[in-house]
Amino acid sequence: LGNAADDGIMPSFSNAGARAGYALGLLQSRARMLADLLQGDTVEPPFDDNNNLLFLNTTCTNRHCNLLSIGGGPGYDFLGAALVASFHNERAAFAAKAPAGYGTKNQKCTNTNLTIRATVYDYEPGWTDLVETMTRVAHSIFPTSSANNYQCHFGGRCDITLPLSTNINHCILKDAPTTDVFVCQYCVAENAAQLRRDNFVFFRNLLDLAPEGAVLVFTETTHRLWPELVAAMSGGFEVSFPFLKRGRNGVCLLVRKKQEARILSDQHLATCKRFALHQEMNERRQQNGFVRQQKKKK
């Protein structure tokens, strides 16, 4: 996987045993990372309005979230979002029953039925059974009364190196206009060579079709590709480069659809310039014969 990210060439997940090992090995870190982003647990607020990415704030407005997981493999994105929603549902239910004057009673939570409907798309169709397993596991750990609030299924294959108009992406083309949150974790770097060929056309199409206020969430092994991805976007949108408070995760990228075109702030321009310089340095290192060392066996 490290070599794939360095070379920008997609690895193969056709081996069932490798998929199972991948699912177990990265379950905690991937689900936690998205949960932290959706909860707004970042060094600075993701956007100027200081709202959470979903509907998960202290006013708990009546909101249903459609989440589209791109290259979502075993279902990490669903689990991360469902954990956050479940926490807020249980918190709101407790606050509603708390005695007068209790600390959380003052939170005006008008809805304790926050729902997640997630659809996973991936180039490898073999992830289907693991997505189903992840959904069953999620239902087993959430309270029985609210398990149906969190649903996930495998929607089919997709290819992020091709336009949404191609046959393999036709289901995403249909779902994009009604999606609130798009998540693409650790898929950009390993497909960078093909993505650059058409100037990130898949994600440009996605933003064009997304409804107002929808958020595209990107996480990756490196921040060096974010300037290219942001530069490829068109129309009205705003960006954020959040850094999570915990873990050793790098800088993430959030793109929010906003009809009023917004010029990148001086701070964002400076950040992109710095990231682009890092990319130039990395390319120079690759040209000088850098070879990634094998992991040491424990």
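The values are calculated or read from the model by the stated rules, or taken from the named source; none is laboratory data. Predicted, not measured: the structure shown is a model, and the values here were computed from it. As a convention, Cβ positions derive from the backbone with ideal geometry for all residues, glycine included, and neighbour counts pool all protein chains shown. Side chains are part of the model used for accessible areas, which takes the heavy atoms of the whole protein and leaves out ligands, DNA and RNA. Shrake-Rupley method; radii C 1.70, N 1.55, O 1.52, S 1.80 Å.
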Worksheet item: Out of (1) closer than 25 Å to Ala193 by Cα; (2) without any contact (Cβ under 8 Å) to a residue 24 or more places away in the chain, what's the single condition that is false for Phe241?
Response: (2)
Worksheet, complete the sentence: Residues in segment 142-160 that are crowded, with 19+ Cβ neighbours inside 10 Å and among the β-branched types (Val, Ile, Thr) total 1
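Residues checked against (1) open to solvent by less than 10 Å² (accessible area, probe 1.4 Å); (2) at pLDDT below 80; (3) part of a helix (DSSP H, G or I):
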site: Ser14; (1), (2), (3): no, yes, no
site: Leu24; (1), (2), (3): no, yes, yes
site: Gln28; (1), (2), (3): no, no, yes
site: Thr58; (1), (2), (3): no, yes, no
site: Ser69; (1), (2), (3): yes, no, no
Practice prompt. Tell me which residues, restricted to segment 206-239, are modelled with pLDDT under 90 and among the polar types (S, T, N, Q).
Written response: Thr221, Thr222, Ser234
Response to the item:
Checked segment 164-178 for anything within 14 Å of Ile70 (Cβ to Cβ) and of a type outside the set (Gly, Ala, Ser); matches are Leu164, Ile168, Asn169, Cys171, Ile172, Leu173, Asp175
Discussion item. Take the conditions within 20 Å of Thr42 (Cβ to Cβ) and at pLDDT below 90 and apply them to Ser265. Does it pass?
Written reply: yes
Fill in: Residue check for Phe203: modelled with pLDDT of 95 or more and on the phi < 0 side of the Ramachandran plot
yes
Worksheet, complete the sentence: Selection over segment 165-215 where residues are in contact (Cβ under 8 Å) with a residue 24 or more places away in the chain and open to solvent by less than 50 Å² (accessible area, probe 1.4 Å) yields a count of 32
Practice prompt. Keeping to segment 230-244, report how many residues are open to solvent by less than 40 Å² (accessible area, probe 1.4 Å), under 15 Å from the mean Cα position of the chain (by Cα) and either among the hydrophobic types (A, V, I, L, M, F, W, C) or under 21 Å from Gly72 (Cα atoms) (or both).
Written response: 4
Worksheet, complete the sentence: When Gly289 is run through (1) modelled with pLDDT of 85 or more; (2) exposed (fewer than 15 other Cβ atoms within 10 Å of the Cβ), the failure sits at (1)
Worksheet entry | Neighbours by Cβ (under 8 Å, 6+ apart or cross-chain): first from segment 111-134, under 22 Å from Gln39 (Cβ atoms); second among the aromatic types (Phe, Trp, Tyr) and open to solvent by 20 Å² or more (accessible area, probe 1.4 Å) | Thr119/Phe154; Val120/Phe154
Worksheet item: Residues in segment 71-118 that are modelled with pLDDT of 70 or more, out of contact with any Lys or Arg (no Cβ under 8 Å at 6 or more places or on another chain) and among the aromatic types (Phe, Trp, Tyr): how many?
Response: 3
